[in-house]
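Undergrad: Before we start, here is the structure in question, set down as structure tokens.
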Amino acid sequence: MRIWSLLLTTTLACLSATAGQPPIPFEASKDGKTHWYDIRHLGVEGRGFDDTKEYYDRLPARAEGVVRSAVWSLSRNSAGMSARFVTDATDIKARWELTSSRLGMDHMPPTGVSGLDLYVKMPDGKWHWLGFGRPRKYPVSEGTLAAGILPGKREYLLYLPLYNGVKKVELGLPRGTTISRAAKYPESRAKPIVFYGTSITHGACASRPGMAHPSILGRRFHRPIVNLGFSGNGRMEMEVARFIAEIDAAVYVLDCLPNIDAKAVEERTEPLVKFLRKKHPTTPILLVEDRNYSNAFLMPGKKKRNETSQAALRKALANLKAAGITGLWYLEGKNLLGDDNEGTVDSSHPTDLGFMRQADAFEAVLRKILN
């Protein structure tokens with residue numbers, strides 16, 4: 001009788017919570033109290049390509065040797081990737097295996113570099129932060145994301161590390177609880193917003209993965225995002241653009257000015273935009289100025305750097321419009337971080353406050369585009 005009871009409990013835990021879905025396989029802990037679910041079985045969002053060298057890479061295996069080695073290396077970070085799932089569990093654990101032993105950086109905490117971040121969708125339809133996974137050691141960390149949750153079946157969203165890669169990510173739920181994939185996005189919101197940018201797009205220096213502005217915007221618009229930010233290496237390169245063009249996007253966001261000077265902006269913007277427009281005749285393209293350095297008001301060199309690159313981007317926009325390129329949008333940099341010089345770690349990389357302000361600025365123009 002006890003054996004049958006155990007089998008029934010295991011079966012119920014494995015069954016999908018949504019009718020018609022196949023069972024989600026799991027691995028039971030030694031004491032049988034926790035069932036571990038690989039999130040790959042739940043569906044991982046933010047993957048722009050299926051033919052990757054490793055599952056959580058951001059560029060396809062074909063990109064190795066085509067893009068610069070620095071871009072390839074950074075593309076193996078899991079920035080922007082997430083998993084949505086539905087469960088009635090009152091305790092949610094996680095176990096994840098990292099690819100790099102560098103858990104944090106001197107200006108960005110380990111929780112953002114190598115940690116996990118958990119959100120829950122509440123009855124108001126909005127995503128609310130719930131808990132995080134602290135990366136305590138390399139290569140495998142394990143911990144409780146949230147415990148003592150009120151009973152009820154809810155949709156959750158788990159973000160993966162911004163500046164580290166992962167080999168495997170698992171959710172640990174109490175035996176007897178259910179888990180299933182979240183419902184697919186409706187067709188009107190199925191295409192992702194694709195971001196091509198720098199360390200800021202990549203997520204530096206968010207305290208948690210969910211606080212990078214592409215992720216914030218994904219929650220606000222309830223649609224997938226693809227984060228192709230490459231720290232120090234978002235340079236409007238055609239080698240990267242060729243892969244970006246393979247993604248059927250709702251919007252292409254080009255935000256590379258922090259990594260290139262005015263000359264490079266002048267040389268690279270028009271060819272890249274024309275290439276994307278040829279591949280995707282009607283997809284909106286958003287050109288973004290670089291944020292103003294927060295201490296540029298007393299540093300003429302930094303101020304000139306902003307002004308010259310921004311002027312070059314405005315000129316490129318005018319030339320593209322004169323050439324008959326349509327569907328172009330523009331976001332100025334002056335308000336990306338606010339006007340009180342409090343939005344960055346180092347005058348360049350946003351804090352969580354800075355990322356919220358960036359998300360607000362992006363949202364205003366993206367809402368017009370997506371509507």
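Undergrad: So if I check each of 112, 148, which one is touching a Ser or Thr at 6+ places or on another chain (Cβ under 8 Å), small (Gly, Ala, Ser) and under 24 Å from residue 346 (Cβ atoms)?
TA: Numbers: 148 fails: under 24 Å from residue 346 (Cβ atoms).
After ruling out the rest, the residue left standing is 112.
Undergrad: On the given criteria, is residue 219 without any contact (Cβ under 8 Å) to a residue 40 or more places away in the chain and among the charged types (D, E, K, R)?
TA: Details: without any contact (Cβ under 8 Å) to a residue 40 or more places away in the chain: no; among the charged types (D, E, K, R): yes.
Here the answer is no, as residue 219 does not meet what is asked.
Undergrad: What's the total number of residues in region 158-178 that are under 23 Å from the mean Cα position of the chain (by Cα) and over 19 Å from residue 55 (Cβ atoms)?
TA: Start the filter on region 158-178 by keeping residues that are under 23 Å from the mean Cα position of the chain (by Cα), which leaves 158-172.
Applying the additional criterion that residues be over 19 Å from residue 55 (Cβ atoms) yields 172.
Result for region 158-178: 1.
Undergrad: Any residue in region 186-193 that is closer than 21 Å to residue 105 by Cβ, under 12 Å from the mean Cα position of the chain (by Cα) and assigned by TED's automatic domain parsing to the domain that holds residue 272? Full working, then the answer.
TA: Of the residues in region 186-193, the ones closer than 21 Å to residue 105 by Cβ are none.
No: region 186-193 contains no residue that is closer than 21 Å to residue 105 by Cβ, under 12 Å from the mean Cα position of the chain (by Cα) and assigned by TED's automatic domain parsing to the domain that holds residue 272.
Undergrad: Taking region 42-54 as the region of interest, how many residues are surrounded by 17 or more Cβ atoms within 10 Å (Cβ to Cβ) and within 19 Å of residue 170 (Cβ to Cβ)?
TA: 5
Undergrad: So which residues in region 273-297 are among the hydrophobic types (A, V, I, L, M, F, W, C) and either modelled with pLDDT of 95 or more or assigned to a loop (DSSP other than H, G, I, E, B) (or both)? Outline the logic, then answer.
TA: Of region 273-297, the ones among the hydrophobic types (A, V, I, L, M, F, W, C) are 273, 275-276, 285-288, 296-297.
Within region 273-297, 273, 275, 276, 285, 286, 287, 288 qualify.
For (1) of a type outside the set (Asp, Glu); (2) in contact with a Lys or Arg (Cβ under 9 Å, 6 or more places away or on another chain); (3) part of a helix (DSSP H, G or I); (4) closer than 20 Å to residue 198 by Cβ, each residue gets a yes or a no:
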position	(1), (2), (3), (4)
307	no, no, yes, yes
319	yes, no, yes, no
324	yes, no, no, no
348	yes, yes, no, yes
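A quick yes/no check of all residues on (1) under 27 Å from the mean Cα position of the chain (by Cα); (2) at positive phi:
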position: 302; (1), (2): no, no
position: 318; (1), (2): no, no
position: 331; (1), (2): yes, no
position: 337; (1), (2): yes, no
position: 347; (1), (2): yes, yes
position: 351; (1), (2): yes, no
position: 354; (1), (2): yes, no
position: 357; (1), (2): yes, no
position: 367; (1), (2): yes, no
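Undergrad: Take residue 85 and decide whether it is farther than 30 Å from residue 237 by Cβ, aromatic (Phe, Trp, Tyr), touching a residue at least 12 places away in the same chain (Cβ under 8 Å) and touching a Gly at 6+ places or on another chain (Cβ under 8 Å). Write out each step before concluding.
TA: Numbers: farther than 30 Å from residue 237 by Cβ: yes; aromatic (Phe, Trp, Tyr): yes; touching a residue at least 12 places away in the same chain (Cβ under 8 Å): yes; touching a Gly at 6+ places or on another chain (Cβ under 8 Å): no.
Criteria not met by residue 85.
Undergrad: Among the residues of region 1-37, which ones are crowded, with 16+ Cβ neighbours inside 10 Å and either part of a helix (DSSP H, G or I) or at pLDDT 50 or above (or both)?
TA: Within region 1-37, 10, 13, 14, 24, 26, 34, 35, 36, 37 qualify.
Undergrad: On the basis of being within 17 Å of the chain's Cα centre (by Cα), surrounded by 15 or more Cβ atoms within 10 Å (Cβ to Cβ) and closer than 13 Å to residue 239 by Cα, does residue 71 make the cut? Before you say what the answer is, go through the steps one by one.
TA: Details: within 17 Å of the chain's Cα centre (by Cα): yes; surrounded by 15 or more Cβ atoms within 10 Å (Cβ to Cβ): yes; closer than 13 Å to residue 239 by Cα: yes.
So residue 71 fits the description; yes.
Undergrad: If you don't mind, another one. Of the residues in region 142-160, how many are surrounded by 15 or more Cβ atoms within 10 Å (Cβ to Cβ) and closer than 26 Å to residue 224 by Cβ?
TA: 10
Undergrad: Among the residues of region 303-316, what is the count of those that are in contact (Cβ under 8 Å) with a residue 40 or more places away in the chain and crowded, with 17+ Cβ neighbours inside 10 Å? Steps first, please.
TA: So the first thing to find is which residues in region 303-316 are in contact (Cβ under 8 Å) with a residue 40 or more places away in the chain, and the list is 305, 308-313, 315-316.
Then keep just the ones that are crowded, with 17+ Cβ neighbours inside 10 Å; that gives 305, 309-310, 312-313, 316.
Adding up the residues that qualify gives 6.
Undergrad: So, one more: For region 82-99, which residues satisfy the criterion of being surrounded by fewer than 17 Cβ atoms within 10 Å (Cβ to Cβ) and either of a type in the set (Ser, Thr, Tyr) or at positive phi (or both)?
TA: 90
Undergrad: Return the total of residues in region 278-299 being in contact (Cβ under 8 Å) with a residue 40 or more places away in the chain and over 26 Å from the mean Cα position of the chain (by Cα).
TA: Matching residues across region 278-299 total 3.
The values are calculated or read from the model by the stated rules, or taken from the named source; none is laboratory data. Since this is a predicted model, take the numbers as computed values, not measurements. All Cβ positions, even for glycine, are placed from backbone atoms using ideal geometry, and neighbour counts span all protein chains on display.
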